[in-house]
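So the structure is just underneath, and the comments pick up after that.
The values are calculated or read from the model by the stated rules, or taken from the named source; none is laboratory data. Worth saying up front: this structure is predicted, and the values here are computed from it rather than measured. Cβ coordinates were reconstructed from backbone atoms using ideal geometry, including for glycine residues, and neighbour counts include every protein chain displayed.
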Amino acid sequence: MAFLFAGIVGAALFFLPLLVGLLVAVCAAVLMRIPIFRVKGSTQLVSECDSETVRSDFQSATPPVLPFQWGIADDIHTTDDGAIYDFSYLLGLRSASMAVEIDSKVADGGDVNNDLELFVTENENPWATYVVSIHQHDTETVVDVEWSSDRRFGLRRLPQRWVAERYRTEALTAQGFTVVEREASLSL
């Protein structure tokens, strides 16, 4: 996206009158930053581990559905109800903090069931919610995950999304899950 942006701005400044080129550059910069789309989707995973082990994996500081967050974090801090991931980028000039709060769902009778909600925030701003349902089926454990972004993202986030979608199945497979079904979409 940076190369596309630089190409558009460079071409506008080179081929158009200076003021028009500057106007195109400002419009392109604004367009890259404006929050435009939301992400949502669902997936069904299967594991050979028992449901308690899978539930423990999802309640850990490194939930299987967030490998691209905890996998690249500079530091991971465990909290009472989840974890905090610290990131630095642009050669250490910028940093971000992502918090994951894990909420165990309680059934009507007061018993804890195998449903979880993961609330993710970035620098204390809502980022996404994951609803996880874990159930035993014969000798396998089936995990149904539904997620939705809690905010809109700008065009500059599209390359991250494409890379994540490309490698998500492989990341889940490396953690011992088989992806049975997966659906993800963008909405305005």
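The table for this structure:
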| item | result |
| --- | --- |
| Among residues of segment 123-144, those that are in contact with a Lys or Arg (Cβ under 6 Å, 6 or more places away or on another chain) and surrounded by 15 or more Cβ atoms within 10 Å (Cβ to Cβ), counted | 1 |
| Scan of segment 149-188 for residues that are under 19 Å from GLU122 (Cα atoms) and modelled with pLDDT of 95 or more, ordered by number | none |
| Matching entry among VAL142, VAL120 (being farther than 24 Å from ARG38 by Cα, in a strand (DSSP E or B) and touching a strand residue (DSSP E or B) at 6+ places or on another chain (Cβ under 7 Å)) | VAL142 |
| Residue within segment 23-43 that is surrounded by fewer than 13 Cβ atoms within 10 Å (Cβ to Cβ), out of contact with any strand residue (DSSP E or B) (no Cβ under 7 Å at 6 or more places or on another chain) and within 30 Å of THR169 (Cα to Cα) present | yes |
| Residue in segment 102-114 that is outside any strand (DSSP E or B) and surrounded by 14 or more Cβ atoms within 10 Å (Cβ to Cβ) present | no |
| Qualifying residue in segment 101-113 (condition: in contact (Cβ under 8 Å) with a residue 24 or more places away in the chain and in the same structural domain as VAL65 (by TED's automatic domain parsing)) | yes |
| Residues of segment 44-90 that turn out to be in a strand (DSSP E or B) and surrounded by 18 or more Cβ atoms within 10 Å (Cβ to Cβ), as a count | 5 |
| Where a residue in segment 158-169 is in the same structural domain as SER148 (by TED's automatic domain parsing) and more than 21 Å from PHE5 (Cα to Cα) and its partner, wherever it lies, is of a type in the set (Phe, Trp, Tyr) and modelled with pLDDT of 90 or more, with Cβ under 7 Å and at least six apart | ALA164/PHE68 |
| Long-range neighbours under 9 Å by Cβ, at least six apart or interchain, first residue touching a residue at least 60 places away in the same chain (Cβ under 8 Å) and outside any helix (DSSP H, G or I) within segment 11-37, second among the hydroxyl-bearing types (Ser, Thr, Tyr) and surrounded by fewer than 15 Cβ atoms within 10 Å (Cβ to Cβ) | PHE37/SER187 |
| Single condition ARG38 does not satisfy, out of (1) out of contact with any His (no Cβ under 7 Å at 6 or more places or on another chain); (2) modelled with pLDDT of 95 or more | (2) |
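Residues are listed down the side, and each one gets a yes or a no for (1) over 24 Å from SER187 (Cβ atoms); (2) modelled with pLDDT under 95:
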residue: LEU91; (1), (2): yes, yes
residue: SER104; (1), (2): yes, yes
residue: GLY110; (1), (2): yes, yes
residue: THR121; (1), (2): no, no
residue: ASN125; (1), (2): no, yes
residue: THR141; (1), (2): yes, yes
residue: GLU146; (1), (2): no, no
